[in-house]
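The values are calculated or read from the model by the stated rules, or taken from the named source; none is laboratory data. The model shown is predicted, which means the values in this text are computed figures rather than measured ones. Here the Cβ positions follow ideal geometry from the backbone for every residue, glycine too, while neighbour counts run over all protein chains shown. Protein only, heavy atoms only, side chains kept; ligands, DNA and RNA dropped before computing areas. Shrake-Rupley method; radii C 1.70, N 1.55, O 1.52, S 1.80 Å.
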Amino acid sequence: MRKIILACLAVAAVLIVAAGILLTNRIRAVSADLAQRVERQTGVAVTSSGLPGLSFWPRFSVSLGNVVIPAPKGSTSAPLATIETMRIVPADGLFGWGENGIAEIVIEKPSINLVIGADGHANWDYAAPAAAGETEGLPLRITNGRVAFLDERTGTAVALSDVEAQTSLSGPADELNAKGAFVWNERRAGFTLFLKSPQRVAEDGSPADVTLQAPGLDFQFSGRAALIKGFELDGQAGIKGTDLGMAASWFGASLPEGMNGARFELAGAVDSSAQGLLFTNAQFALDDMRGQGDIGLALGKGRPKLDADVTVQTIDLTRYSGSTAVNKAFLANPWATSRIDLSVLRSLDVILKVGTNAFAYGAFRTGPAELTANLADGILDLKIAKAAYADGTLDLALKIDGKAATPSLQFSANGENIAADRALLAAVGFGDLTGRLSPSLSLQASGPTLADLVSTLKGQASFRAVSGTLTGIDLPAAFGKVSTAILEGWGRDERQSTTFDALSATFAISDGIAETTNLILSSPALTFTGKGEVDLLRQALDLKVDPQLAVSAATSATAPAPLATFPVAIQVKGPWMAPRIYPDMPGILEDPAGAYAALKKLGLGAPD
């Protein structure tokens, strides 16, 4: 029995020794194969720490811990890659002799650092020769990785996390094919990548094909990629998507909520540098709006930048504003006290020049116009010049400082012979004034809410309207009634109107109060001059007018009707939607009867 036991132990010992020799040989063979491949291609040695590990499921593999792939010899850069665990799967499994090499390498939690030094040298450029003839790439799988790129010449830096990828790589100078996914700016995206020679990317450039499927957008490129002078792409590219708001947010830009779900497309010849992508003579679309021109896209100062010089047949931003027109009750409602959100101005930079046959935003609609916009560091400078508008012409300029703790704006407008009803309806929801209007405004304001902006408004404003009508009120009749009673409100009646030859005024505005000394209306039936204040914040009037009323019809076209002068001024005071209108007599509001008795004693002025 003892001999049998000893024999069994001897056999077991032999088997253990044989297994140890086998495993040791397999580890040596696999590790040597990998080391030889890497050193042959790069001239550097892969290092690892600790003892190799073994795994038998689901396939036999050898694992190395804390693997380091150094930068090229003579480089001062950090290692190209540090890998927490590298699993090497031999092609012929556990019991083969290693002649068939490596079936797959799996690198777990790698940190791959692609660096172009200040001297322009890349830390993945090993000056390796391309393999002669057809070479079989080494299957490589990356799990839970991180890939970072830094160009020390420009400071350009990008970091991708949670990288999952499959690739086939023969050597730095040979073809690279990869596909997978990564996380950037907290969003996951899929990609495919082909490089004829990764090494040449850091030299004279390599043929490349790239596709990217990201939240809200797809990107594809085919052409040449290089990094010798910065990030360069030269070829054909296209971007399209179904949600512009989501796509922009991936790059850190916050667009108006109305942009969510907007379809977009951009395609054309592309050239790039460290400044970003430049599409030349590109075709683009935003929903059903289409145009063409030069468009540059870049990342700078931590936010996206758009630089475009384009022409668009029609620009209609109404759907993105959340409203179709200014509410007709706009002037009747209190000014909003909610904070105006200007965060979009701080989330991107824009240099824009647009020529269009029509521009629309709500009820504001122009004919042919030129639009320029410059947005930088939260400050927007917008101009619309030479615009055909409401049968006339219009120039607008708007500057908004959304960077300061207290936002501010500057606004100017100059119009010539525009249709008053269409212009005022679009601007303030007031469409009762017709005629040819020529306005001029130069205004400034500051504050976080609309009410604050109105309360701080200052500047100059003037207008002149000719050959027009004021709908809803018969002013001659109203002033005639004032001679006998105080009017409460305008007494609006859609059947009534006041026709005039000219209506004009100039206002000096300070702290939200507009003061005029030359309000003038002239018409066959009524002429008046006026002065006073319009309190914009409180939406109130305090005006005095001196009317002259026609006392009989005109006898001919060349002989105007005789006019009678009111003996005292007419006071228009109170809320601008419903002011009191009454003669400017002492005590008239306390004792109307006594004041009107005194007015009768004054009599009416004699005809002119």
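So in region 66-85, with the set limited to residues that are touching a Gly at 6+ places or on another chain (Cβ under 8 Å) and at pLDDT below 85, which one is most open to solvent (accessible area, probe 1.4 Å)?
Within region 66-85, the match that is most open to solvent (accessible area, probe 1.4 Å) is Lys73.
Could you grab me the full set of residues in region 122-135 that are touching a Pro at 6+ places or on another chain (Cβ under 8 Å) and modelled with pLDDT of 80 or more?
Result: Asn123, single match.
Residues Ala376, Ala397, Ala336, Ala332: which one is over 26 Å from Arg290 (Cβ atoms) and modelled with pLDDT of 95 or more?
Ala397
Working only within region 226-255, note down all residues that are among the basic types (Lys, Arg) and within 24 Å of the chain's Cα centre (by Cα).
Scanning region 226-255 gives a single hit, Lys240.
So which residues in region 140-149 are open to solvent by 40 Å² or more (accessible area, probe 1.4 Å) and over 17 Å from Leu114 (Cβ atoms)?
Arg141, Asn144
If we keep just the residues of region 165-186 that are of a type in the set (D, E, K, R) and open to solvent by 70 Å² or more (accessible area, probe 1.4 Å), which is nearest to the chain's Cα centre (by Cα)?
By that ranking, first place goes to Glu186.
For residues that are under 25 Å from Thr314 (Cα atoms) and either surrounded by fewer than 18 Cβ atoms within 10 Å (Cβ to Cβ) or touching a helix residue (DSSP H, G or I) at 6+ places or on another chain (Cβ under 9 Å) (or both), tally how many sit in region 266-300.
So the answer is 13.
When both residues are 6+ apart or on different chains and their Cβ atoms are under 6 Å apart, which pairs have a first residue that lies in region 581-600 and is more than 13 Å from Ile570 (Cα to Cα), and a second that is outside any loop (DSSP other than H, G, I, E, B) and open to solvent by less than 50 Å² (accessible area, probe 1.4 Å)?
Gly587/Ala595
Any residue at all in region 227-243 that is crowded, with 18+ Cβ neighbours inside 10 Å and farther than 30 Å from Leu345 by Cβ?
Yes, that holds for at least one residue.
Among the residues of region 441-456, write down those that are part of a strand (DSSP E or B) and open to solvent by less than 40 Å² (accessible area, probe 1.4 Å).
Listed by number, the residues that qualify are Leu443, Ala445, Thr449.
Scan region 205-225 residue by residue and report those that are open to solvent by 30 Å² or more (accessible area, probe 1.4 Å) and under 25 Å from the mean Cα position of the chain (by Cα).
Once the filter is applied, which keeps residues that are open to solvent by 30 Å² or more (accessible area, probe 1.4 Å) and under 25 Å from the mean Cα position of the chain (by Cα), region 205-225 yields Thr211, Leu212, Gln213, Asp218, Phe219, Gln220.
Looking at (1) open to solvent by 70 Å² or more (accessible area, probe 1.4 Å); (2) in a strand (DSSP E or B); (3) modelled with pLDDT of 90 or more, which is the only condition Lys305 fails?
It fails just one condition, (3).
Please go through region 92-121 and give me each residue that is part of a strand (DSSP E or B), at pLDDT 80 or above and open to solvent by less than 40 Å² (accessible area, probe 1.4 Å), ordered by number.
Glu104, Ile105, Val106, Ile107, Pro110, Ser111, Ile112, Val115, Ile116, listed by residue number.
Could you please let me know if Gly459 is crowded, with 16+ Cβ neighbours inside 10 Å, over 21 Å from Thr529 (Cα atoms) and either in contact (Cβ under 8 Å) with a residue 24 or more places away in the chain or in contact with a helix residue (DSSP H, G or I) (Cβ under 8 Å, 6 or more places away or on another chain) (or both)?
So Gly459 passes the test.
Scan region 510-530 residue by residue and report those that are part of a loop (DSSP other than H, G, I, E, B) and under 44 Å from the mean Cα position of the chain (by Cα).
Asp511, Gly512
State which residue is nearest to Thr506 (Cα to Cα) when the search covers only region 396-431 and only residues that are surrounded by fewer than 18 Cβ atoms within 10 Å (Cβ to Cβ) and among the charged types (D, E, K, R).
Result: Glu416.
Would a scan of region 187-203 turn up a residue that is of a type in the set (A, V, I, L, M), surrounded by fewer than 16 Cβ atoms within 10 Å (Cβ to Cβ) and in contact with a Ser or Thr (Cβ under 9 Å, 6 or more places away or on another chain)?
No; the residues of region 187-203 include none that is of a type in the set (A, V, I, L, M), surrounded by fewer than 16 Cβ atoms within 10 Å (Cβ to Cβ) and in contact with a Ser or Thr (Cβ under 9 Å, 6 or more places away or on another chain).
Collect the residues in region 150-164 that are more than 26 Å from the chain's Cα centre (by Cα), at pLDDT below 90 and open to solvent by less than 60 Å² (accessible area, probe 1.4 Å), keeping them in residue-number order.
Asp151
Restricting the first residue to region 204-220 and requiring it to be farther than 17 Å from Arg188 by Cβ, which pairs with a second residue that is part of a loop (DSSP other than H, G, I, E, B) and open to solvent by 10 Å² or more (accessible area, probe 1.4 Å) meet a Cβ separation below 9 Å and a spacing of at least six or different chains?
Gly205/Leu227; Ser206/Lys196; Pro207/Lys196; Ala208/Lys196
Hey, Arg464 hits all of (1) assigned to a strand (DSSP E or B); (2) open to solvent by 60 Å² or more (accessible area, probe 1.4 Å); (3) over 30 Å from Ile570 (Cα atoms); (4) not β-branched (Val, Ile, Thr) but one; which does it fall short on?
Here Arg464 clears every test but (3).
Between a residue in region 365-379 that is without any contact (Cβ under 8 Å) to a residue 60 or more places away in the chain and any residue that is basic (Lys, Arg), which pairs come within a Cβ distance under 7 Å, given they are 6 or more apart or on different chains?
Qualifying pairs under 7 Å: Ala369/Lys386; Glu370/Lys386; Thr372/Lys353; Thr372/Lys383; Gly378/Arg346; Gly378/Lys403; Ile379/Lys403.
Which condition does Ile513 not pass, out of (1) modelled with pLDDT of 85 or more; (2) of a type in the set (A, V, I, L, M, F, W, C); (3) open to solvent by less than 50 Å² (accessible area, probe 1.4 Å), if it passes all the others?
Failed condition: (3).
Might you let me know whether region 476-487 holds any residue that is open to solvent by 40 Å² or more (accessible area, probe 1.4 Å), at pLDDT below 95 and either basic (Lys, Arg) or under 23 Å from Lys383 (Cβ atoms) (or both)?
Yes, region 476-487 contains a residue that is open to solvent by 40 Å² or more (accessible area, probe 1.4 Å), at pLDDT below 95 and either basic (Lys, Arg) or under 23 Å from Lys383 (Cβ atoms) (or both).
For region 253-262, what are the residues that are touching a Lys or Arg at 6+ places or on another chain (Cβ under 8 Å) and surrounded by fewer than 17 Cβ atoms within 10 Å (Cβ to Cβ)?
Result: Gly258, single match.
So, of the residues in region 373-395 that are touching a Lys or Arg at 6+ places or on another chain (Cβ under 6 Å) and open to solvent by less than 50 Å² (accessible area, probe 1.4 Å), which turns out to be farthest from Ala465 (Cα to Cα)?
Among them, the one singled out is Gly378.
Which one of these is in a strand (DSSP E or B), within 25 Å of Arg436 (Cα to Cα) and open to solvent by less than 30 Å² (accessible area, probe 1.4 Å): Phe507, Phe500?
Step by step, each of Phe507, Phe500 is checked, and only Phe500 is in a strand (DSSP E or B), within 25 Å of Arg436 (Cα to Cα) and open to solvent by less than 30 Å² (accessible area, probe 1.4 Å).
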